[in-house]
Amino acid sequence: MTASLFVHPASWFILGAALMPVARRLGVMKVWLVLIPLIALARIHFLPESFGLVEYLGFDLQFGRVDRLTFVFLHVFALMALMGSIFALQVKESGQHIAAFLYVAGSFGVTLAGDYLTLFIFWELMAFASTFLIWYRKKKRSIEAGYRYLLVHTAGGLALLAGIFLLYHSGHDLSFGMFTQEGAGWAEYLVMIGFMLNAAVPPIHAWLPDAYPEATVTGAVFMCAFTTKTAVYVLARAFPGFEVLAILGAVMALYGVAYAVIENDARRILAYHVVSQVGYMVCGVGIGTAMAINGTAAHAYAHIVYKALLFMGAGAVLEMTGRSKLSELGGLYKHMPWTMFFTVIGGIAISGFPLTSGFISKSMIVAAAGNNHQIILLVMLTLAGVGTFLSVGIKLPYFIWFGRDSGVEAKEAPWNMQLAMAMAAFVCIFLGVFPGALYSMLPYPVEYHPYTAYHLSETFQIFGFTGLGFYLMVKYLKPHDVSNLDLDWFYRKGSLRFLGFAAGPVVAVNEWVSNVYRTIGTRFTMAAARAFSWFDKEGIDWTIDGAARGVVDGGDRLRRLQTGRIQHYIGGAVVALLAVLLVVVLI
Amino acid sequence: MMARWIGYLRERAHIVKGVFFAFLVFAVAFDFLIHRHEPHFFGDQIIGFWSLFGLLGCLGMIIVCKGLSHVWLEREEDYHDR
């Protein structure tokens, strides 16, 4: 039993989290942080197709179900856990590492889950553990953002749970499989909403750019990788070919990038850009062909690595300078050249330059849209690609590393941060040069060739002329110290408005009612009270007291009768007898 | 070392600019030469289509997004804290 327990990679991370304080006490926490992800990375190659079958309260739980779609996600999650842990080595608080490990465990648990109940448990573990990665920043804004994050995810979890209940109600066996668009009803769409919230699909996306910029430097690196991509995995498993996902995904790709163009905080730009990139994947799931699902998995893999790399770069800048707003940064290439070098690789990879991972993954989804004759999707996704290059490929690096010299003095990031960034940058280039390494892991056989002359020509032109556009408009893009409204307004300001409404009109009505009560009601009550009081005194008291007085007087008289004289007693007895006779005769 | 190279190039911005414009010319010229197979839509047939798409897409996005931000969405950084 214990042997089979440790087949599951999540067990290793949970064990890792549980023993973290011990490892810290023994002074081997850094080793432990690298060892656990390495074990997971090795173990996933030897997972049986099905394991961890448990019967619990009449439900068949399946903790492990492995196929090709699962494997590619497991692989990148394990790799990401390793890079994220290395990036976080200098963090001394074991609590942060525990939260990160539990979060990763949740992600593995969801990915391997074979039924909805197991999935739900790990789904919630992810939400709770990741909240601590925000709270550990320990600033007022982070605490508040963490609460909002937790509340939003709880709401999403409830939608998912409601969907699961309805599925069970309709006789579904709760095994985690594929739905078809034709047969989908309330239950399926509630499950989908639960998944979509974690994938940050507008209009339920605002938690992501709200929370990630407030997370700890190392926490944000973990968070940008796991929540949304786990959601992409479950969507790809349950809802391939659902048209609504294709449309929302393409909208999402443009929505995220539009905000990335106008935002100022480096980590908020990257967070919005997560929304955009996940849009490609959600769109790929919606297209649902073998090529599109391949593209989704490939893009999830590539995206996790380069987005983590970019969050590491922005995090390293925040760690070393204490700043993350573009309006306060600039000219840092002199002080942190290696961080710049790696981050720029991340930037060109995310834009999809030839010889980087973005070129071989993103284009697969776009091509799948084209092959499926969904031209509007193709144009929207390509336009989002233009925006990606503009916002994260040029704007972000330009205003952090070059541009106006901000005069910020900074040291180069610590060795472990640089090592993690170097690893991620290596993976970005490696996959671009050897796409076969990634393609061989994908769920379906790959017939796609990224390096065609036409694809290269398209890419050269788009990048060249997007660059020209930036060059022409650079003074309009100069960052200001502002942030932009998004749909989180509804629960941040909207709830305040509601409180305002409660404090204003509702309280006024309440006071009016109290006044009416005071003036009319109180008088009426007083009059009624007086009436009752009179009745009490004159009615009830008179009766009761009268009876009492009667008893006392009677007793007094009876006492005086007891004189001890026999004549009196006989007389009394005769009177009593007469009385009895009178009563008997008269009645 | 890397910082010195970049400093060197920044002092000679005209070289960078020259290389960049040469690349733009190359990108369009390259589109004349390549073989186009199974086009997905009309844009795939037009030489230089993606150049125009990139430029107009970029300019359009900057104008629309920055415009929306200015007239509607923009708030002080601490807007939500007040």
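Per-structure values
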item: Count of region B:31-82 residues which are at positive phi and at pLDDT 90 or above; result: 1
item: Number of the condition not met by A:G52 [criteria: (1) at positive phi; (2) surrounded by fewer than 20 Cβ atoms within 10 Å (Cβ to Cβ)]; result: (2)
item: Check on A:H153, closer than 27 Å to A:L74 by Cβ and outside any helix (DSSP H, G or I); result: no
item: Some residue of region A:63-86 being among the small types (G, A, S), modelled with pLDDT of 95 or more and assigned to a loop (DSSP other than H, G, I, E, B); result: no
item: Residue that is surrounded by the most Cβ atoms within 10 Å (Cβ to Cβ), among those in region A:378-388 that are more than 8 Å from chain B (Cβ to nearest Cβ) and touching a Ser or Thr at 6+ places or on another chain (Cβ under 7 Å); result: A:A384
item: Residue within region A:76-91 that is in contact (Cβ under 8 Å) with a residue 24 or more places away in the chain and over 22 Å from A:A424 (Cα atoms) present; result: no
item: Scan of region B:38-47 for residues that are more than 7 Å from chain A (Cβ to nearest Cβ) and in a loop (DSSP other than H, G, I, E, B), ordered by number; result: B:E38, B:P39, B:I46, B:I47
item: Unmet criterion (only one of (1) in contact with a strand residue (DSSP E or B) (Cβ under 7 Å, 6 or more places away or on another chain); (2) loosely packed, with under 11 Cβ neighbours inside 10 Å) for A:L485; result: (2)
item: Spans of helices (runs of 4 or more DSSP H) in region A:465-561 with at least 2 residues within 14 Å of chain B (Cβ to nearest Cβ); result: A:489-501
item: Yes/no for B:R82 being within 30 Å of A:K140 (Cβ to Cβ), among the charged types (D, E, K, R) and more than 7 Å from chain A (Cβ to nearest Cβ); result: yes
item: In region B:50-72, the residues that are within 13 Å of A:Y476 (Cα to Cα), within 8 Å of chain A (Cβ to nearest Cβ) and of a type outside the set (A, V, I, L, M); result: B:C58, B:C65, B:K66, B:S69
item: A:W32, sole failed condition from (1) part of a strand (DSSP E or B); (2) among the aromatic types (F, W, Y); (3) farther than 20 Å from A:M126 by Cα; result: (1)
item: Selected residue (criterion: surrounded by the fewest Cβ atoms within 10 Å (Cβ to Cβ)) from residues of region A:363-377 that are more than 9 Å from chain B (Cβ to nearest Cβ) and more than 31 Å from the chain's Cα centre (by Cα); result: A:N372
item: Yes/no for A:F490 being surrounded by 11 or more Cβ atoms within 10 Å (Cβ to Cβ) and within 30 Å of B:G48 (Cβ to Cβ); result: no
item: Region A:318-349, subset under 19 Å from A:A220 (Cα atoms) and polar (S, T, N, Q), residue surrounded by the fewest Cβ atoms within 10 Å (Cβ to Cβ); result: A:T321
item: Residue check, A:A290 touching a Leu at 6+ places or on another chain (Cβ under 6 Å) and modelled with pLDDT of 95 or more; result: no
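For every residue, the table says whether it meets (1) surrounded by fewer than 23 Cβ atoms within 10 Å (Cβ to Cβ); (2) of a type outside the set (G, A, S); (3) more than 23 Å from A:G256 (Cβ to Cβ).
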residue: A:F120; (1), (2), (3): yes, yes, yes
residue: A:Y136; (1), (2), (3): yes, yes, yes
residue: A:V152; (1), (2), (3): yes, yes, no
residue: A:A162; (1), (2), (3): yes, no, yes
residue: A:I193; (1), (2), (3): yes, yes, no
residue: A:A199; (1), (2), (3): no, no, no
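The values are calculated or read from the model by the stated rules, or taken from the named source; none is laboratory data. Values in this document were obtained by computation on a predicted structure and should not be read as measured data. No Cβ is skipped: glycine too gets one built from the backbone with ideal geometry, and neighbour counts run over all protein chains shown.
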